[in-house]
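Enquirer: My structure is below; once you've seen it, I'll send some questions.
The values are calculated or read from the model by the stated rules, or taken from the named source; none is laboratory data. Computed from a predicted model, the values in this text were never measured in an experiment. Every residue, glycine as well, gets a Cβ built from its backbone with ideal geometry; the counts of neighbours run over all protein chains shown.
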């Protein structure tokens, strides 16, 4: 597993400093550190106590690694969050992740009780203005990276492409997978 990227913490640098660090291990360590911070543990414990954390997956049950990894995280993360919330993995396949992105951005509560596992290609969906996307993925809060994907974009020589460099917002976030949404942030 690749090391995770949590907000502005560079995961590759973090894993290089911590030999044998894994994505899940780093994420759980950071969640644990946050839980032990003075004053914040009581607030977080009160928040998740008796609540359900939903993980929305943009693919079908058993169809790919996003589903498998979401279920793996769902099986264990509740025990590591203050208040031990119940975890539900909800599959929402369709339109290459557009349905799940629209759900988390426009419908789901933006209070920390819903996170999603979207394919990294959701950025290209917005970049290329694919119809149906009613979300601004650049305003979503990315929690971490579970797996590493390599993506290649091709353009025909007559296409209106001036350079091979992606826009700054796409390049900055192209390798992130798990997210939560709070458009106001």
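Enquirer: So which residues in region 58-71 are touching a residue at least 24 places away in the same chain (Cβ under 8 Å) and surrounded by fewer than 16 Cβ atoms within 10 Å (Cβ to Cβ), if there are any at all? Steps first, answer last, please.
Expert: Initially, region 58-71 is screened for residues touching a residue at least 24 places away in the same chain (Cβ under 8 Å), giving 58-61, 63, 65-67, 69-70.
If the condition is that a residue be touching a residue at least 24 places away in the same chain (Cβ under 8 Å) and surrounded by fewer than 16 Cβ atoms within 10 Å (Cβ to Cβ), then 60, 61, 63, 65 are the ones that fit.
Enquirer: Out of region 86-99, which residues are surrounded by 16 or more Cβ atoms within 10 Å (Cβ to Cβ) and part of a loop (DSSP other than H, G, I, E, B)?
Expert: Within region 86-99, 92, 93 meet the criteria.
Enquirer: Residue by residue through region 100-146, note down the ones that are more than 20 Å from residue 53 (Cβ to Cβ) and part of a loop (DSSP other than H, G, I, E, B).
Expert: 119, 120, 121, 128, 129, 130, 131, 132, 133, 134, 135, 136
Condition check ((1) closer than 19 Å to residue 110 by Cα; (2) modelled with pLDDT under 95) across all residues:
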{"site": "23", "(1), (2)": "no, yes"}
{"site": "26", "(1), (2)": "no, yes"}
{"site": "30", "(1), (2)": "no, yes"}
{"site": "38", "(1), (2)": "no, yes"}
{"site": "53", "(1), (2)": "yes, no"}
{"site": "57", "(1), (2)": "yes, no"}
{"site": "64", "(1), (2)": "no, yes"}
{"site": "67", "(1), (2)": "no, yes"}
{"site": "81", "(1), (2)": "yes, yes"}
